[in-house]
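J.: I'd like to ask you about the structure that follows.
The values are calculated or read from the model by the stated rules, or taken from the named source; none is laboratory data. Here the structure is a predicted model, which means the values were calculated and not measured. Don't worry about glycine lacking a Cβ; one is built from the backbone with ideal geometry, like all the others, and counts go over all protein chains shown.
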Amino acid sequence: MRSWARTEFELDVHLSRDEQVVVIHDDTVDRTGNGSGAVHDMLLDDLRALDVAMGRQGYAGARIHILEEVYRLLAPTALMVNVEIKEYVYQDGFPIIPKVLELEEQYQLAGRVFYSSFNHYILREMKQRHPQVPTAVLYSAGMVDAWEYARRVPSDAIHPHVLALQDPALVLQCHANGIAIRPWTVDRPDVLEQMFAAGVDTVITNRPDVALNLRG
C-alpha cells in the first residue's frame with residue numbers, strides 16, 4: 001500500500017464569504033496577513049488585498065490564492081494533492097463539498113486528489129454523496145482501534161499526529177483492514193526512519209529533502 005513513488009503536497013482550504021474556495025491555513029487572517037478577521041466573513045477581493053508575506057524577506061506582496069489557481073498549475077503535472085478541508089458551517093450540507101469536487105472534475109484531477117479533515121462530518125458527507133472520493137481522517141490524540149473508526153466514518157485512510165502512533169500494531173491493523181496511514185508532521189530524521197521501518201504509506205513532513213534522502 002505504500003505510495004513512495006508518488007509526489008504529493010498538502011494545502012488547506014476555507015470558503016470565503018462569497019463562497020470562493022480559498023487556500024489558507026488558519027481560520028483567520030490575523031497571524032499570516034496584514035489584516036484581521038475570519039476567512040469565512042471576508043470577501044475574496046478583501047482577502048486578495050492582504051499581504052501574507054509575514055515579513056519574510058523576498059516575499060513582500062505575497063497574496064492569498066484560490067484553489068482553482070492551484071489546480072490550473074497542478075493539472076499538467078504528475079503531482080498529487082492532499083486537500084485539507086477546514087470548514088465547520090453546515091447549511092443543508094457543507095457547501096464547500098460540491099465546490100471542491102466540481103473543481104476536481106473541471107481540471108480532470110480524479111485519482112490525484114484526496115481530502116482530509118479534522119471535521120469528520122465533512123468526510124462522512126463526502127462519502128455519502130460520492131463514495132468513490134478518497135478521504136482521510138485527521139486526528140492528533142491517541143485513538144483506540146483507529147482503523148475501525150475510519151471504517152465507520154467511513155474513510156479510506158487515517159492521518160494521525162506522529163505522537164499518536166503509540167500502538168506498534170497500528171500500521172499492520174490499518175493495512176489488514178484496507179486503511180492507509182499517513183502520519184504528520186514527521187520532520188526529525190530518527191522519527192522519519194521509524195515511520196519508514198513501520199511501513200506507513202506516506203509521511204507528511206516539512207522536510208521532504210531529509211525524508212527523500214533517508215528513504216534512499
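J.: Write out, first by first residue and then by second, each pair whose Cβ atoms fall under 8 Å of each other, whose residues are 6+ apart or on separate chains, and whose first residue, in segment 129-150, is under 21 Å from Leu101 (Cβ atoms) while the second is outside any helix (DSSP H, G or I) and acidic (Asp, Glu).
T.: Short answer, once both residue conditions are applied: Pro134/Asp156; Thr135/Asp156; Ala136/Asp156; Leu138/Glu84; Ala150/Asp156.
J.: Which of the residues that make up segment 15-58 are among the hydrophobic types (A, V, I, L, M, F, W, C) and either free of Cβ contacts under 8 Å to residues at least 24 places away in the same chain or in a loop (DSSP other than H, G, I, E, B) (or both)?
T.: Ile24, Val29, Ala38, Met42, Leu43, Ala49, Leu50, Val52, Ala53, Met54
J.: If a residue must be exposed (fewer than 15 other Cβ atoms within 10 Å of the Cβ) and either of a type in the set (Phe, Trp, Tyr) or part of a helix (DSSP H, G or I) (or both), how many such residues does segment 59-77 contain?
T.: Of the residues in that region, 4 qualify.
J.: Moving to a separate point now. What is the residue count in segment 48-83 for residues that are among the aromatic types (Phe, Trp, Tyr) and either more than 19 Å from Leu101 (Cβ to Cβ) or touching a Cys at 6+ places or on another chain (Cβ under 8 Å) (or both)?
T.: So the count comes out to 1.
J.: A further question on this structure: Among the residues of segment 36-52, is any at pLDDT below 95 and aliphatic (A, V, I, L, M)?
T.: Within segment 36-52 (the criterion being at pLDDT below 95 and aliphatic (A, V, I, L, M)), the answer is no, since none of the residues qualifies.
J.: While we're looking at this one, here's another question. What about Leu163, is it assigned to a helix (DSSP H, G or I), surrounded by fewer than 15 Cβ atoms within 10 Å (Cβ to Cβ) and within 20 Å of the chain's Cα centre (by Cα)?
T.: Judged against the criteria, Leu163 is a match.
J.: Now for a different question. (1) within 21 Å of Ala176 (Cα to Cα); (2) surrounded by 16 or more Cβ atoms within 10 Å (Cβ to Cβ): which one isn't true of Val144, the others all being true?
T.: Looking at each condition in turn, Val144 falls short on (2).
J.: Looking at (1) at pLDDT 95 or above; (2) among the acidic types (Asp, Glu); (3) in a loop (DSSP other than H, G, I, E, B), can you tell me which one Asp92 breaks?
T.: All conditions are met except number (1).
J.: For segment 181-200, which positions are surrounded by fewer than 20 Cβ atoms within 10 Å (Cβ to Cβ), part of a loop (DSSP other than H, G, I, E, B) and of a type in the set (D, E, K, R)? Outline the logic, then answer.
T.: To start, the set of residues in segment 181-200 that are surrounded by fewer than 20 Cβ atoms within 10 Å (Cβ to Cβ) comprises 185, 187-191, 193-194, 196-199.
Pick out the ones that are also part of a loop (DSSP other than H, G, I, E, B) and you get 185, 187-188, 199.
Asp187, Arg188 - these are the residues of segment 181-200 that are surrounded by fewer than 20 Cβ atoms within 10 Å (Cβ to Cβ), part of a loop (DSSP other than H, G, I, E, B) and of a type in the set (D, E, K, R).
J.: Separate question: Within the bounds of segment 16-36, is there any residue that is surrounded by fewer than 15 Cβ atoms within 10 Å (Cβ to Cβ) and touching a Phe, Trp or Tyr at 6+ places or on another chain (Cβ under 6 Å)?
T.: Checked against the condition, which is being surrounded by fewer than 15 Cβ atoms within 10 Å (Cβ to Cβ) and touching a Phe, Trp or Tyr at 6+ places or on another chain (Cβ under 6 Å), segment 16-36 yields no hits at all.
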